[in-house]
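K.L.:
Handing you this structure, nothing more for now.
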Amino acid sequence: MVEKRYPRCAHCSTRVCENRGGQAGDIPPSLEKAPAFCPMKLMPEVYAAAMTEYDEPRIKEFARLASVQEFQCYERLPDGLRTKLPRVEELIQFARKCNYKKLGLAFCGGLAYEAGLLTEILENNGFEVVSVQCKTGAVPKERISAAEKIAGPEAWETMCNPIVQAIIINRSKVDLAIMLGLCIGHDTLFIKYCDVPLTVLAVKDRVLGHNPLAALYASGSYYQRLRNRID
Ligand code: SF4
């Protein structure tokens, strides 16, 4: 069989890069046991170049704060390591660490209730929240030649408008944009046009309460069909 030569960390059983059991100050682990498809073997030159990006002081500080935030999501108790922060709380803590004051919320109209809850929580925590829902602009789907309308061919249906969402959030000069429940594809466009730092609170899953991973967890039982080719 021809060995596939591209990075495939998701197939790795060694995870040598994690260097589990290593001590601070050790030399980096040997790659001897890493698989042939390991990006550290296939593209060694990338690492040095990427690491120089962290030398830019603002990037380095951002990366440091993200790492501190990661650390603060755990607590070490006598019976072991426990997690302690839901993502909303993590978001608030991280935004404070970065000294962010103004947040931009790009949300799906299907999650307007959740957008209201989130905005209230963020405002109660001292943030100014600019919010834009996906249907803003009231442009009919015909504008993008989309004949497939959920409410039927005769109905008016407003297109989702992630480009406008991004431009409004850019123009509002927010410190951080937050995506909440945008559809697949609409989220891709939002990311493409968003010029400010961006994070995701939740992605849309219409069936699983916006928890797409539930289908993976159940792929050995109720969602076994996912293991087969999906047409
Ligand atoms: S970087 Fe290499 S060792 Fe680490 S998970 Fe990927 S393939 Fe495995």
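The values are calculated or read from the model by the stated rules, or taken from the named source; none is laboratory data. Nothing here was measured: the structure is a model prediction, and the numbers come from that model. Here Cβ is always computed from backbone atoms with ideal geometry, including for glycine, and neighbour counts include all displayed protein chains. Each accessible area value is taken on the protein alone, full model and side chains, heavy atoms only, with ligands, DNA and RNA left out. Shrake-Rupley method; radii C 1.70, N 1.55, O 1.52, S 1.80 Å.
K.L.:
Those residues that are within 15 Å of the ligand (Cβ to nearest atom) and either under 24 Å from the mean Cα position of the chain (by Cα) or over 25 Å from SER13 (Cα atoms) (or both), I need them from the stretch 41-69; list them, please.
P.N.:
Scanning the stretch 41-69 gives VAL46, TYR47, ALA50, MET51.
K.L.:
What are the pairs, 6+ residues apart or on separate chains, where a residue within the stretch 38-57 that is farther than 9 Å from PRO7 by Cβ and assigned to a helix (DSSP H, G or I) has its Cβ under 8 Å from a residue that is open to solvent by 70 Å² or more (accessible area, probe 1.4 Å) and away from the ligand (no atom under 15 Å from the Cβ)?
P.N.:
GLU53/ILE59
K.L.:
Being at pLDDT 95 or above and in contact with a Lys or Arg (Cβ under 7 Å, 6 or more places away or on another chain) narrows it down to one residue among TYR100, TYR47, TYR54; which is it?
P.N.:
When all the criteria are applied, what remains is TYR54.
K.L.:
Given the criterion surrounded by fewer than 11 Cβ atoms within 10 Å (Cβ to Cβ), at pLDDT 95 or above and assigned to a helix (DSSP H, G or I), identify the matching residue among SER67, SER30.
P.N.:
Among SER67, SER30, only SER67 is surrounded by fewer than 11 Cβ atoms within 10 Å (Cβ to Cβ), at pLDDT 95 or above and assigned to a helix (DSSP H, G or I).
K.L.:
What number of residues within the stretch 118-152 are of a type in the set (A, V, I, L, M), more than 23 Å from VAL196 (Cβ to Cβ) and open to solvent by 30 Å² or more (accessible area, probe 1.4 Å)?
P.N.:
Within the stretch 118-152, residues that are of a type in the set (A, V, I, L, M), more than 23 Å from VAL196 (Cβ to Cβ) and open to solvent by 30 Å² or more (accessible area, probe 1.4 Å) number 6.
K.L.:
Could you tell me which of the residues VAL196, VAL164 is surrounded by 14 or more Cβ atoms within 10 Å (Cβ to Cβ) and under 19 Å from the mean Cα position of the chain (by Cα)?
P.N.:
Exactly one of VAL196, VAL164 is surrounded by 14 or more Cβ atoms within 10 Å (Cβ to Cβ) and under 19 Å from the mean Cα position of the chain (by Cα), namely VAL196.
Rundown of residues vs (1) in contact with a Gly (Cβ under 9 Å, 6 or more places away or on another chain); (2) free of Cβ contacts under 8 Å to residues at least 60 places away in the same chain, yes/no style:
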site: PRO78; (1), (2): no, yes
site: LEU91; (1), (2): no, no
site: TYR100; (1), (2): no, no
site: PHE127; (1), (2): no, yes
site: LYS149; (1), (2): no, yes
site: THR158; (1), (2): yes, yes
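K.L.:
Select, from ILE178, ILE168, the only residue that is modelled with pLDDT of 95 or more, in a helix (DSSP H, G or I), out of contact with any Pro (no Cβ under 7 Å at 6 or more places or on another chain) and not basic (Lys, Arg).
P.N.:
Every option except ILE168 fails the conditions.
K.L.:
Determine if the stretch 70-89 includes at least one residue that is more than 15 Å from the ligand (Cβ to nearest atom), part of a helix (DSSP H, G or I), open to solvent by less than 80 Å² (accessible area, probe 1.4 Å) and under 28 Å from VAL129 (Cα atoms).
P.N.:
The answer is yes; a qualifying residue exists.
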